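The values are calculated or read from the model by the stated rules, or taken from the named source; none is laboratory data. All values reported here derive from a predicted model rather than from experimental measurement. Here the Cβ positions follow ideal geometry from the backbone for every residue, glycine too, while neighbour counts run over all protein chains shown. Just the protein is used for accessible areas: all its heavy atoms, side chains included, with ligands, DNA and RNA removed. Shrake-Rupley method; radii C 1.70, N 1.55, O 1.52, S 1.80 Å.
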Amino acid sequence: MPLSSTSRIAHGLVWSLALVPLIFFIAGLSAGDFASTATILNMLGRLTGVLGVAFLLLSAALSARVPGVDQPFGGLTKLWHTHHRMGAASLFLLMLHPLLLAFSAAGYSQQAAISTLFPAFSNTAAWMGWTALILMMIFLAPSFAFFGPPQYERWKHIHALAGPAVIFALIHTFMASRTMPGMADTVIWSIFALLAVGAVSWRLLFSQRIGRLDYTVKHVEPVTDGVVELTLEPQDKPLEYEAGNFVYLTPFDKHLDAGDREEHPYTLSSSPLEPNLRIAIKSLGDASRAIQSIDPGTKVTVEGPYGRFFPAGGRVESPELWVAGGIGITPFLARMRHIQALQSGGDIVMIYAVQDESRALYADEIRELALQIPGFVLVMHYFYHEGPVSAEFLHRHCPDLGHREIYICGPLPLNELIKQHAHHAGVTHNHIHSEEFELL
Ligand SMILES: Cc1cc2nc3c(=O)[nH]c(=O)nc-3n(C[C@H](O)[C@H](O)[C@H](O)COP(=O)(O)OP(=O)(O)OC[C@H]3O[C@@H](n4cnc5c(N)ncnc54)[C@H](O)[C@@H]3O)c2cc1C
């Protein structure tokens with residue numbers, strides 16, 4: 001089955017799982033729930049609560065980042081799209097939840113409506129719910145584009161409020177619960193709670209101790225101005241990975257200007273057959289700038305591997321078109337190094353899009369590898385000369401693009417442009433694979 005079909009099924013299953021409490025909730029409804037506007041509003045208020053909590057708990061479960069779990073979902077970046085959508089849906093539904101209950105109460109008395117929105121101090125269940133909702137508003141707000149691009153480390157610290165929000169939402173649900181008939185209430189919410197609490201505990205407590213491998217920086221090679229390649233030597237068990245995978249890299253060096261003990265995602269640019277890991281890092285912010293001058297001998301940890309860009313194994317089974325932009329060359333470099341090490345080949349056209357000649361990272365090595373890999377065609381695209389990659393450019397250099405698997409990794413506008421050209425050329429969604437260097 002094609003990679004993207006598996007991925008669609010996996011994402012579909014998670015959304016379907018979130019609907020399980022809703023199905024039980026609907027099964028438990030009676031004629032009384034539809035007797036008047038007030039009872040209907042009350043039923044809708046409870047329904048938004050059930051679905052909102054289900055989305056919140058599953059969204060938390062998806063944040064675990066256990067290596068390998070992202071594979072059926074098409075990689076971590078894709079899995080986190082679902083995590084974000086579920087989180088946003090959960091916030092929307094849980095904001096509606098008290099409003100609908102208050103409107104329903106207004107059908108009985110104004111006082112009832114007010115005390116739904118401003119519950120008595122003794123109403124612990126309601127206060128737990130409000131605390132969860134307020135925490136959600138705080139930790140989810142920076143994720144919305146409306147508030148501008150978030151500063152990652154600040155975003156991450158605020159996002160840690162997800163843990164207490166999940167706990168308060170669960171207490172509210174167990175205390176206030178009259179959502180599903182019979183034992184279903186306890187059983188279903190307990191399973192969801194286990195998934196969410198297990199995932200958050202793994203992420204915050206255990207992954208840092210048992211989920212990371214120790215490495216040492218062996219070499220630091222400048223690639224060009226503002227880009228270095230680190231070679232990392234395993235201290236114990238080496239990481240097993242596929243070309244195109246990425247890891248979270250954490251340096252331990254208090255002399256770094258920024259980023260000491262901070263984890264950042266980077267694609268492995270080495271072939272999986274090499275004994276050491278190689279990572280090319282472009283200076284794009286504080287931590288990636290500071291790491292340009294990291295010293296050999298520095299201890300680092302890597303967590304992963306994550307991502308599922310290329311098919312496993314390294315062999316090229318069908319014709320491929322690769323489009324790389326800027327630092328997005330890293331997964332392709334890993335695959336070229338791997339194919340060359342396997343002494344394999346394949347029908348591959350690679351378009352490497354850069355601003356100008358001086359910005360082409362690894363240009364010499366890539367030209368050399370392209371010559372060594374049978375069937376490999378390298379096409380350079382210079383923005384200053386050609387402007388954005390046009391459909392005409394693609395068709396000129398790859399006339400049969402409609403019959404190829406297409407792999408894209410570069411800045412978002414390039415990814416979107418190539419997808420558009422590919423769709424116009426009749427390539428279906430299943431045959432287009434893209435990696436984004438953006439997780440938020
Ligand atoms: C899957 C993936 C693969 C990547 N591969 C490479 C690579 O091979 N080479 C390379 O140079 N860069 C790569 N990046 C980008 C790299 O992670 C960021 O440039 C780096 O984290 C920036 O951190 P900073 O503190 O220097 O900059 P900041 O100014 O703090 O961050 C700039 C932007 O980078 C993103 N970012 C920062 N920290 C993190 C984090 N811990 N987790 C997720 N996103 C973060 C945020 O979107 C942020 O807005 C990759 C990113 C992803 C998601």
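The listed residues Asp185, Asp286, Asp356, once ranked by accessible area (1.4 Å probe) with the largest placed first, stand as Asp286, Asp356, Asp185. Can you pull a Stokes-Einstein diffusion coefficient for segment 300-408 at 25 °C (0.890 mPa s), Rh from Kirkwood over Cα pairs, as a whole number of µm²/s? The diffusion coefficient I find is 167 µm²/s.
In this structure the chain gives 47 Å² per residue of accessible area when probed at 1.4 Å with all protein chains present. With respect to the chain, whose longest principal axis is taken over its alpha-carbon atoms, helix 124-140 is tilted by about 20°.
Its Cα gyration tensor gives the chain an equivalent ellipsoid, and the semi-axes of that ellipsoid, as √(5λ) in whole Å with the largest first, are 47, 25, 19.
Per atom type, the chain shows carbon and sulfur on 63% of its accessible surface, probed at 1.4 Å. Judged by the mean number of other Cβ atoms found within 10 Å, the most tightly packed of the peptides 320-332, 339-351 leads the ranking 320-332, 339-351.
Partner lysines whose Cα lies under 23 Å from the Cα of Lys237, excluding those fewer than 8 positions away in the same chain, are identified as Lys218, Lys299.
Given +1 at the Cβ of Lys and Arg, -1 at the Cβ of Asp and Glu and no other charges, the dipole of the chain around its Cα centre is 1420 debye to the nearest 20. When the inverse distances between all different Cα atoms of segment 213-306 are averaged and flipped, the Kirkwood radius reads 12.9 angstrom. Check the straight Cα-Cα distances from Lys78 and name the lysines below 26 Å, setting aside those fewer than 8 residues away within the same chain. Partners found: Lys156, Lys282, Lys419. What is the pair-distance distribution P(r) of segment 72-154, computed from all Cα-Cα distances in 10 Å bins starting at 0, with each bin given as a whole percent? Binned Cα distances yield the sequence 15, 35, 27, 17, 6, 0.
Subtracting the Cα-Cα distance of His423 and Glu357 from 0.36 nm times their residue separation leaves 20.8 nm of extension gain.
Take every Cα pair under 8 Å whose residues are at least 6 apart in sequence, average their separation, divide by the length of the chain, and the relative contact order is 13 percent. Each peptide in 396-402, 107-113, 58-64 gets a packing score, the mean of other Cβ atoms within 10 Å over its residues, and the list from highest to lowest is 58-64, 396-402, 107-113. Helical runs assigned H by DSSP (4 residues or longer) give the chain a calculated mean residue ellipticity at 222 nm of -15000 deg cm²/dmol, each run adding -39500 (n - 2.57) before division by the residue total. Is the shape of segment 348-429 best called rounded, prolate or oblate, per the rule: a/c under 1.5 gives rounded, else a/b larger than b/c gives prolate, else oblate, with a ≥ b ≥ c the square roots of the Cα gyration tensor eigenvalues? Taking the square roots of the gyration eigenvalues as a ≥ b ≥ c, segment 348-429 is oblate. The local environment of Val220, defined by Cβ-Cβ distances under 9 Å, has a net charge of -2 under the rule Lys, Arg +1 and Asp, Glu -1. Distance from the alpha carbon centroid of segment 209-224 to that of segment 367-411 works out to 31 angstrom.
Fully extending the segment from Leu19 to Thr37 would add 4.0 nm, taking 0.36 nm per residue of separation and subtracting the current Cα-Cα distance.
Which angle from 0 to 90°, rounded to the nearest 10, does the C-alpha axis of helix 162-176 make with the longest principal axis of the chain? It is inclined by approximately 30 degrees. Taking the average, over residues, of other Cβ atoms within 10 Å as the packing measure, peptides 115-126, 244-255 rank 244-255, 115-126 from highest down. Relative contact order for segment 320-435 using alpha-carbon pairs under 8 Å, separation at least 6, rounded to a whole percent? Value for segment 320-435: 32 percent. Taking Cα atoms only, the orientation of helix 37-62 departs from the longest principal axis of the chain by about 30 degrees.
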